[in-house]
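Student: The structure follows.
The values are calculated or read from the model by the stated rules, or taken from the named source; none is laboratory data. The shown structure was predicted, so the numbers you read here are calculated from the model rather than taken from an experiment. Because the Cβ atoms are built from the backbone with ideal geometry, glycine has one as well, and the counts that use them run over all protein chains shown. The area values use the complete protein model at the heavy-atom level, side chains included, leaving out ligands, DNA and RNA. Shrake-Rupley method; radii C 1.70, N 1.55, O 1.52, S 1.80 Å.
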Amino acid sequence: MELKLYNIRIPFLYPFTTSFGTESERDAIILVLNDGDITAYSECVTSTRPDYSYEDNQTTIHLIRDVFAPMIKDLPTPQEFNSRARKIKGDNMARGSVEMLLWDYASKAAGKPLDRFMGGSREYINVGLSVGMDTIDRMSSRIEDALKKGYKRIKVKIERGREREILGAVRDRFPDIVLTADANSSYTLNDMDLLLSIDRYDLQYLEQPLNFDDLIYHSRLAKEMSTPICLDESITSPEKAEKAMEIGACSVINIKPGRIGGLTDSLEVARIARENGGHVWVGGMLETGIGRSFNVAMACNSNVDYPGDTAPNSRYFERDIVTNPFLMDKGKIRPNTKPGIGVDIDFEEFTKRTESAMRIF
Ligand code: OSB
Ligand code: MG
């Protein structure tokens, strides 16, 4: 049996700008587990720098090699792994990548596609697009192109000070589309006037306006704004989801299995949100075809009711590291039908894009 960790870099078709910075390539950590019969894969959602959360690729390498990999030598189920890993505080992204590796392994061993193995029932998922900040002209033409392709909602990135420029121009040009905005923690409660000005753009929700781990101030803001609040960064566990719903910090949750520490806890977060009358969708972290397939499988769960950021591979890369990318038809993607995550690796491209590789056991 062998566990290998690869660092893979693939350039994006175009740079992606959020309030915390611009990314022009996917700098991915990929795990490959081989036991002779089955090869399982996963991807960690961290990137080069700790600007979305406090984890990054270097902390991930340490945690996987020294902390989590030693827990999986006997190939536990994802649930067994979770109970062993509970002692470790935080580090959701590193933990989640190992947990998802075990989900791919377990569903391949069971001969079932991951979405079905997880109890999902959807035949297809509804897809939205996340549009990075850029000039208004470029953002508008991206949105126009996306609407032609059938995307079911448009999310624009905003930041403190650019909200009226971006949302005003997009709403003028596209008055009737389902529109959302993601601030990635760019505001504080001192910006209440700016935040209240966002109410006029008729957004389906405003994503993560305040600090990355905050619940209390979001709950205060949610009482002032008419726009529903969606939390992304702040929801890192089922316990956080319970607390957020209890105090009204949000009514929508963006589930990223990587951020929540894997699929078991993501299923739980989705259930909690829906039981409390909230809405749920599956986000993304600009993953390669490997990481993307876990998000698509999660989005097949019946508790997911809003379109996700689960765009087809072709939105990100000219050539991905898989040979069977997800294809979108009229804003819908069908999950893979082969066992596990169901992706076929493009070994030529995988090798070409590999910066480094390390054998962990
Ligand atoms: O906040 O949802 C986010 C990308 C990188 C980091 C954070 C976020 C995003 C996205 C893009 O919005 C979603 C995607 O298309 O994968
Ligand atoms: Mg977000």
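Student: Go through the range 228-246 and give me each residue that's within 16 Å of ligand 2 (Cβ to nearest atom), open to solvent by 10 Å² or more (accessible area, probe 1.4 Å) and in contact with a helix residue (DSSP H, G or I) (Cβ under 7 Å, 6 or more places away or on another chain).
Tutor: Result: Thr236, single match.
Student: Could you list, in sequence order, the residues of the range 249-268 that are within 16 Å of ligand 1 (Cβ to nearest atom), under 21 Å from Glu55 (Cα atoms), among the β-branched types (Val, Ile, Thr) and outside any loop (DSSP other than H, G, I, E, B)?
Tutor: Result: Ile253, Ile255.
Student: To continue, here is another question. Pick out the one residue from Leu75, Leu3 that is of a type outside the set (Phe, Trp, Tyr) and at positive phi.
Tutor: Leu75 is the lone residue from the list that is of a type outside the set (Phe, Trp, Tyr) and at positive phi.
Student: Let me ask you something else. Tally time: how many residues in the range 269-291 are in contact with a Phe, Trp or Tyr (Cβ under 7 Å, 6 or more places away or on another chain) and closer than 22 Å to Thr48 by Cβ?
Tutor: Residues flagged as in contact with a Phe, Trp or Tyr (Cβ under 7 Å, 6 or more places away or on another chain) and closer than 22 Å to Thr48 by Cβ within the range 269-291 amount to 2.
To keep it simple, each residue is scored yes or no on (1) within 16 Å of ligand 1 (Cβ to nearest atom); (2) assigned by TED's automatic domain parsing to the domain that holds Gly90; (3) assigned to a loop (DSSP other than H, G, I, E, B).
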{"residue": "Glu159", "(1), (2), (3)": "yes, no, yes"}
{"residue": "Val170", "(1), (2), (3)": "yes, no, no"}
{"residue": "Pro175", "(1), (2), (3)": "no, no, yes"}
{"residue": "Tyr187", "(1), (2), (3)": "yes, no, yes"}
{"residue": "Leu221", "(1), (2), (3)": "no, no, no"}
{"residue": "Thr227", "(1), (2), (3)": "no, no, yes"}
{"residue": "Cys230", "(1), (2), (3)": "yes, no, no"}
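Student: Please pick out the residue among Tyr54, Tyr124 that is closer than 19 Å to Lys256 by Cα, in contact with a strand residue (DSSP E or B) (Cβ under 7 Å, 6 or more places away or on another chain) and surrounded by fewer than 22 Cβ atoms within 10 Å (Cβ to Cβ).
Tutor: None of the other options fit; the residue is Tyr124.
Student: Look through the range 175-189, keep the residues that are away from ligand 2 (no atom under 13 Å from the Cβ) and either in contact with a Phe, Trp or Tyr (Cβ under 8 Å, 6 or more places away or on another chain) or open to solvent by 20 Å² or more (accessible area, probe 1.4 Å) (or both), and return whichever of them is nearest to Gly21 (Cα to Cα). Spell out the reasoning first.
Tutor: Filtering the range 175-189 for residues away from ligand 2 (no atom under 13 Å from the Cβ) gives 175-179, 187-189.
Of the ones still in play, those that are also either in contact with a Phe, Trp or Tyr (Cβ under 8 Å, 6 or more places away or on another chain) or open to solvent by 20 Å² or more (accessible area, probe 1.4 Å) (or both) are 175-179, 188-189.
Values: Pro175: 28, Asp176: 29, Ile177: 27, Val178: 25, Leu179: 22, Thr188: 18, Leu189: 22 Å.
Restricting to residues being away from ligand 2 (no atom under 13 Å from the Cβ) and either in contact with a Phe, Trp or Tyr (Cβ under 8 Å, 6 or more places away or on another chain) or open to solvent by 20 Å² or more (accessible area, probe 1.4 Å) (or both), the top hit is Thr188.
Student: Would you say Met298 is within 27 Å of Arg84 (Cα to Cα), within 16 Å of ligand 2 (Cβ to nearest atom) and part of a loop (DSSP other than H, G, I, E, B)?
Tutor: No.
Student: When you look at Val269, is it assigned by TED's automatic domain parsing to the domain that holds Thr323, open to solvent by less than 10 Å² (accessible area, probe 1.4 Å), among the β-branched types (Val, Ile, Thr) and under 24 Å from Val156 (Cβ atoms), yes or no?
Tutor: no
Student: OK, next. Do you know which residues across the range 199-214 are within 14 Å of ligand 1 (Cβ to nearest atom), open to solvent by less than 40 Å² (accessible area, probe 1.4 Å) and in a loop (DSSP other than H, G, I, E, B)?
Tutor: Hits for the range 199-214 are Tyr205, Gln208, Pro209, Leu210.
Student: Asn303 fails exactly one of the following numbered conditions: (1) farther than 27 Å from Lys148 by Cβ; (2) surrounded by 14 or more Cβ atoms within 10 Å (Cβ to Cβ); (3) touching a residue at least 40 places away in the same chain (Cβ under 8 Å); (4) not assigned by TED's automatic domain parsing to the domain that holds Tyr6. What is the number of that condition?
Tutor: Condition (3) is where Asn303 drops out.
Student: Considering only residues that are of a type in the set (A, V, I, L, M, F, W, C) and within 12 Å of Val127 (Cβ to Cβ), which ones fall in the range 308-322?
Tutor: If the condition is that a residue be of a type in the set (A, V, I, L, M, F, W, C) and within 12 Å of Val127 (Cβ to Cβ), then Ala311 is the only one that fits.
Student: If you scan the range 307-337, which residues turn out to be among the aliphatic types (A, V, I, L, M) and not in a loop (DSSP other than H, G, I, E, B)? Break it down stepwise before answering.
Tutor: So the first thing to find is which residues in the range 307-337 are among the aliphatic types (A, V, I, L, M), and the list is 311, 321-322, 327-328, 333.
Matches in the range 307-337: Val322, Met328, Ile333.
Student: Out of curiosity, is Ile166 in contact with a Leu (Cβ under 7 Å, 6 or more places away or on another chain), on the phi < 0 side of the Ramachandran plot and open to solvent by less than 20 Å² (accessible area, probe 1.4 Å)? First the steps, then the outcome.
Tutor: On the way: in contact with a Leu (Cβ under 7 Å, 6 or more places away or on another chain): no; on the phi < 0 side of the Ramachandran plot: yes; open to solvent by less than 20 Å² (accessible area, probe 1.4 Å): yes.
When the stated conditions are applied, Ile166 does not pass them.
Student: Ok, one more. Determine whether the range 332-351 contains at least one residue that is crowded, with 24+ Cβ neighbours inside 10 Å and closer than 24 Å to Ser53 by Cβ.
Tutor: yes
Student: Consider Leu129 carefully, then state whether it is within 16 Å of ligand 1 (Cβ to nearest atom), touching a helix residue (DSSP H, G or I) at 6+ places or on another chain (Cβ under 6 Å) and either closer than 28 Å to Tyr205 by Cβ or at pLDDT below 95 (or both).
Tutor: For Leu129, the condition - within 16 Å of ligand 1 (Cβ to nearest atom), touching a helix residue (DSSP H, G or I) at 6+ places or on another chain (Cβ under 6 Å) and either closer than 28 Å to Tyr205 by Cβ or at pLDDT below 95 (or both) - is met.
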